[in-house]
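The values are calculated or read from the model by the stated rules, or taken from the named source; none is laboratory data. Owing to the predicted nature of the structure, the values given are computational and were not obtained by experimental measurement. For neighbour counting, all protein chains shown are included, and Cβ atoms are generated from backbone atoms with ideal geometry for every residue, glycine included. These accessible areas exclude ligands, DNA and RNA; they are computed on the full protein's heavy atoms, side chains included. Shrake-Rupley method; radii C 1.70, N 1.55, O 1.52, S 1.80 Å.
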Amino acid sequence: MWKEKDSPSRIEKRFEFENYSKTSLFMKEIDNLCKNKNIFPNISFGSQFVGITIFFEKVNISVKEKQFSREIDDIFSRTK
């Protein structure tokens with residue numbers, strides 16, 4: 001589940017993986033999604049995790065940002 005945060009307004013989620021090859025595959029898919037949607041979240045990663053933070057363009061999450069986070073969840077479901 002995405003966690004909503006304030007100051008600045010954003011949502012965050014950490015994705016855990018069994019090994020680096022799955023982490024790497026997830027990162028490649030996220031890279032393609034970001035380029036296609038023209039949304040570039042903050043991303044941190046290690047050998048078995050990826051943390052993603054999506055900052056809102058406005059005070060509240062937009063439909064575009066909600067859809068983007070759902071697409072990230074779909075990618076995770078396919079690559080975990």
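Using the structure shown, decide if LYS37 is in contact with a Phe, Trp or Tyr (Cβ under 6 Å, 6 or more places away or on another chain), of a type outside the set (Phe, Trp, Tyr) and open to solvent by 40 Å² or more (accessible area, probe 1.4 Å).
yes
Does ILE30 satisfy being buried (at least 16 other Cβ atoms within 10 Å of the Cβ), under 13 Å from the mean Cα position of the chain (by Cα), touching a residue at least 40 places away in the same chain (Cβ under 8 Å) and not in a strand (DSSP E or B)?
yes
Any residue at all in the stretch 35-44 that is of a type outside the set (A, V, I, L, M, F, W, C), free of Cβ contacts under 8 Å to residues at least 12 places away in the same chain and assigned to a strand (DSSP E or B)?
The answer is yes; a qualifying residue exists.
Six or more apart or on different chains, Cβ under 6 Å: which pairs go from a residue in the stretch 61-80 that's modelled with pLDDT of 95 or more to one that's open to solvent by 40 Å² or more (accessible area, probe 1.4 Å) and part of a helix (DSSP H, G or I)? Could you list them?
PHE68/LYS37; ILE75/GLU29
What number of residues within the stretch 1-27 are touching a residue at least 60 places away in the same chain (Cβ under 8 Å) and in a helix (DSSP H, G or I)?
Result for the stretch 1-27: 0.
Considering only residues that are more than 14 Å from LEU25 (Cβ to Cβ), within 13 Å of the chain's Cα centre (by Cα) and open to solvent by 50 Å² or more (accessible area, probe 1.4 Å), which ones fall in the stretch 48-63?
Hit for the stretch 48-63 is PHE55, nothing else.
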